[in-house]
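To keep things clear, I will list the structure first and then write my remarks on it.
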Amino acid sequence: MVAPASGLLSWLWRDHLRQRWGALLAALGLMAVEGATAGLLSWLIRPMFDQVFLGEDRGAVVYVALAVAGVFVARALAGFGHRVILARQAERISAGLQRQMLAHVMTLDLAFFQINPPGALIERVRGDTATLRGLWGPILSALGRDVVALLSLLGVALWIDWLWTLIAIVGVPILILPLARLQNRVRQTAASARESAALLATRLDEVFHGITTIKLTGSEAHESARYDRAQAGYLRAQFRSESSAAAIPALIDLVAAAGFAGVMLYGGLQIMDGTKTLGEFMSFFVAMALVFEPLRRLGSVGGAWAQARASLERMRAVLDQQTSLANPARPAPIPPAQSLTLQDVHFAYADAAVLQGASFTAEAGQTTALVGPSGAGKSTVFHLLTRMADPGRGRITLGGTDLRDLDLALLRRQFSVVAQDTALFDEPIATNVRMGAQSATDVDLQRALADANAGFVATLPQGADTPAGPRGSALSGGQRQRIAIARALLRNAPILLLDEATSALDAASEHLVAEALARLGQGRTTIVIAHRLSTVRQADKIVVMDGGRVVDQGTHDQLLARGGLYADLYRMQFKE
């Protein structure tokens, strides 16, 4: 659904322009001064010809020269001032849009990120706002400088001869319909170009994140061809948009040609007859010549606004997305008992059912393991426990209270998560460990690193201030896991979620991580996802999942004695 222009302007004014009205008003004032100088200059042409060049009035030379110089000085100062103001405000408006976009996107459900790849979102946050940054100047200049210039020049032209003015602009009304159609085409093609730019960003994101796989499989040529195809689509869309925008001032020039020809024919005869002076004609000619320049810019602004509107609509579409994970009006207090219960929970991603009536309880202070084949729904359980999504049917409770009745931020503070693919950022290791516990002291930080068997940090060049690298690339897999455990220790949440935390490690790293996890789990409600059943034999309860359902649960010995899926999986792994 296309957002109306009035709604887009109202949003821009409310969220990003209103607080800058003083600076923008000053810029518009300076633009008005610059625009008025065009009318003054054309008005001064008449005495320049009639009194100085033809009348040889020596006294007029001084005041005309000073007046013309003064006009150019005023124009220079006003132009410099409004360009500096607009450049600064454009950057600040763009930065504000980016902040608003990023803050809103981070509130959305995981389902949103499953259908919007990172590259496309980066293009929304950075690309669309960058497009707007280069358009604020032309658009605001048109509202300030060009409108005033147009009015002042038309005033001079009408003052000299209203009939000449009518002849010069008689073709302008003919442009209304073609210009409206061109602006609509510019908006449509600009929207297509922005979508193509998002696809380019997605391709780059995939290449840079998957560079190791690309090199190992020799897929460089294939990926280059994919990018070339995406780039060709972007160029086609961009060329169509630019061509449509360029047609707008071209149409205005055609009308200007007809108008000037008419004035030359009619006005030239009047000068020959002596009914008009050369100074009047030259003043009018300069005024009308200058009229069509702001008119061309105003026409171009129509195309610029159409392009800007395409980007604004794309950003507004993201901001209109609403999360389904709303906080209750009156949140219930966090229960002291940290048991977690799933009651007949159903969940689907789009039309793909993942959980189909799953039910089990993870008792407070105990370790519960989730096992089963891939696709059984184990990781989805973690997403639902932390309210990254809500069940389609059924309920999940913490200490008997439905998760949807709890404050979302307070609920998530009850969990520490250590996953197989640990998310580290290109920040110092200390910053990565302190995520979720920014107020922790240096002593707390060092204790967490020690308890996580992360003594290697002390041997790094800058210790805990050493950057982890993009996506933690400066560290090995085992080191990243131990940093994640240190983060969980420092966070000190009462519930621990472990998602295949040791499956990708070598024996030495696994031993160190397992020791750290044992310390981390002491006194906490722990839920473990594991494919290697040997790692969960000591769990207080093992929940066996298959096809989105809980098919069995009990201790390791009980499950083996009963046979069934768990016994089959265990015997198969033991045999291997």
Legend entry - Failed item in (1) part of a strand (DSSP E or B); (2) crowded, with 16+ Cβ neighbours inside 10 Å; (3) on the phi > 0 side of the Ramachandran plot, with Gly357 passing the rest: (2)
Inset, instruction - Residues being buried (at least 16 other Cβ atoms within 10 Å of the Cβ) and either at pLDDT below 85 or among the aliphatic types (A, V, I, L, M) (or both): count how many of those fall in segment 544-559. - result: 4
Inset, instruction - Return the pairs, sorted by first residue and then second, in which the second residue is of a type in the set (S, T, N, Q), the first residue lies in segment 194-217 and is touching a residue at least 24 places away in the same chain (Cβ under 8 Å), the beta carbons are less than 8 Å apart, and the residues are 6+ apart or on different chains. - result: Arg194/Thr131; Arg194/Ser311; Ser196/Gln238; Leu200/Gln231
Inset, instruction - Output the number of the condition that Ala103 fails; it satisfies all remaining conditions of (1) hydrophobic (A, V, I, L, M, F, W, C); (2) closer than 14 Å to Met315 by Cα; (3) surrounded by 21 or more Cβ atoms within 10 Å (Cβ to Cβ). - result: (3)
Inset, instruction - For segment 242-269, enumerate the residues that are modelled with pLDDT of 75 or more and small (Gly, Ala, Ser). - result: Ser243
Inset, instruction - Read through the list (1) without any contact (Cβ under 8 Å) to a residue 12 or more places away in the chain; (2) among the small types (Gly, Ala, Ser); (3) under 19 Å from Ile542 (Cβ atoms), then give the number of the only condition that Ala352 fails. - result: (3)
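Could you list, in sequence order, the residues of segment 533-561 that are outside any strand (DSSP E or B) and either touching a Gly at 6+ places or on another chain (Cβ under 7 Å) or closer than 16 Å to Ser379 by Cβ (or both)?
The first filter runs over segment 533-561 and keeps only residues outside any strand (DSSP E or B), leaving 533-540, 547-548, 555-561.
Val536, Gly547, Gly548 - these are the residues of segment 533-561 that are outside any strand (DSSP E or B) and either touching a Gly at 6+ places or on another chain (Cβ under 7 Å) or closer than 16 Å to Ser379 by Cβ (or both).
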Legend entry - Residue selected from segment 546-576 under the condition of a type outside the set (Asp, Glu) and in contact with a Phe, Trp or Tyr (Cβ under 9 Å, 6 or more places away or on another chain), by the criterion farthest from Asp499 (Cα to Cα): Leu560
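The values are calculated or read from the model by the stated rules, or taken from the named source; none is laboratory data. Computed from a predicted model, the values in this text were never measured in an experiment. In this analysis, Cβ positions are derived from the backbone assuming ideal geometry, glycine residues included, and neighbour counts consider all displayed protein chains.
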